[in-house]
Structures are given as C-alpha cells and as structure tokens.
Amino acid sequence: MTTTNEAHLIRSNRKFAKCFDDGDLSHLPAKKYAIVTCMDCRIDAYSAFGITPGDAHVIRNAGGSARDALRSLVISQQLLQTTEVFIIKHTHCGMQGLTNDGVNATVVKNLGPEAVAELDAVNCKRFDWLPFAELKQGVRDDVAFLRSSRAIAGEVHVSGWVFDVETGKVSRVEK
Ligand SMILES: [Zn+2]
C-alpha cells in the first residue's frame, strides 16, 4: 500500500528528476562549511541560508543541537574537508523549555518504561533529549561545546545564529 505522502514523493521526484542536472557535483562541499539547524518543518534551510546543492552540509535534528550533530560534524570535517560550522537555532522551537523528565514521561506513557530503558542503555547513562531553556544561551552553549571539543580542530570556525520563524530573518548570536 502506498501512503498519500509516498505518492506525493514519487510524483514530485519524477518532475524533479526530469530537470535534474547536478549529477556531476563533488561529494566534498565546495564552500567547506556545515550548518546545524533544527528539523522544524518551517525552516527551508537551502533558501533561508543561501545554500546551493554541492556547497555545504546541512545537518538537522530536533533543536539544532551541536551535541546531537557531533558525529556528523566530525565526519564532515575529518573526511569531507569542511572547516566552518554555523549553529542556527530558531524562535518558537519545540525543544525550548522541555525537560528530560517531561519527554521521558511522555515516552513511558506511550511506549512503556522499556523504551526509556533501551535509550538509557545506549551510553549506560540517562538518555539526554538535549532540550534548552533559553534560546540565545542555547546557541552560546552549543558554540562553546564545539569550541571546547577535542573532536573539533581549533582552527574550525564556529558561529552561532538565531532564525526567526515569523520574519524569516537570521541574526548572529555568537561570533
Ligand atoms: Zn526547533
């Protein structure tokens, strides 16, 4: 059975592939940077941040978390030659103001305590959903996390930004 969204994807892709001419792009990002931003459905990262396919890595997760993105960032820098990171969180983010206890309670209610236990077992410690309390501070904390990480080279340029989902404007938080 094909879901409505599957059918939409197939239809849209048929159109897309007809005019596709990016087949000769390098797998190495031409402009040598990576963006970490939220998975929020309102953010069109390519349009909002001026990214052309082939230019940059776009790493997305709930909250635009640098900690969550660390695995991809190290691959991006060590294997794929990027040297700059933009952390871009956004206004009205669903991860702002959440608590680990709150998310755990929802998961336990819907899936049972075994689900949380399985996540806790991944790193032998309480699973961290990586919420943040205040937006700009959340950006600053993520920038500081990358700058102090031994897995991120000292010469990698890291900056922090906020995208306003109401105006579409991005503003710098941390140089
Ligand atoms: Zn978000």
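Beyond 14 Å, what percent of the Cα pairs of region 126-175 remain?
Here the tail beyond 14 Å accounts for 60 percent of pairs.
Distance from the Cα centroid of region 28-57 to that of region 71-117 is 18 Å (rounded to whole angstrom). Dipole magnitude for the chain: about 220 debye, using +1 per Lys or Arg Cβ and -1 per Asp or Glu Cβ, origin at the Cα centre.
When peptides 157-169, 52-64 are ranked by their average number of other Cβ atoms within 10 Å per residue, the highest-first order is 52-64, 157-169. Among the chymotrypsin sites (Phe, Trp or Tyr not before Pro) in region 1-100, those located in a DSSP loop and surrounded by at most 11 other Cβ atoms within 10 Å of their own Cβ are Phe20. Summed over the residues of the chain and divided among them, the accessible surface reaches 64 Å² per residue at a probe radius of 1.4 Å. In a simple Cβ point-charge model (Lys, Arg +1; Asp, Glu -1; nothing else charged), region 81-175 has a dipole of about 260 debye relative to its Cα centre. The trypsin sites (Lys or Arg not before Pro) of region 75-149 meeting both criteria, a DSSP state outside H, G, I, E and B (loop) and at most 10 other C-beta atoms within 10 angstrom of the site's C-beta, are Lys125. For the chain, the mean residue ellipticity at 222 nm estimated from helices alone is -12000 deg cm²/dmol, where every DSSP H run of n ≥ 4 contributes -39500 (n - 2.57) and the total is divided by all residues, rounded to the nearest 500.
As a calculated quantity, the FRET efficiency between Ala117 and Tyr46 at R0 = 45 Å, using C-beta atoms, amounts to about 0.70. Counting protein heavy atoms only, the chain has 54 percent of its accessible area on carbon and sulfur, 1.4 angstrom probe.
Between Asp101 and Thr167, full extension at 0.36 nm per residue minus the direct alpha carbon distance yields a gain of 20.5 nm. For the chain, the share of DSSP beta bridges that are antiparallel, to the nearest 5, is 15%.
The values are calculated or read from the model by the stated rules, or taken from the named source; none is laboratory data. Because the structure is a prediction, the values reported are computed rather than measured. All Cβ positions, even for glycine, are placed from backbone atoms using ideal geometry, and neighbour counts span all protein chains on display. Areas reflect the complete protein model, heavy atoms only, side chains present, ligands, DNA and RNA absent. Shrake-Rupley method; radii C 1.70, N 1.55, O 1.52, S 1.80 Å.
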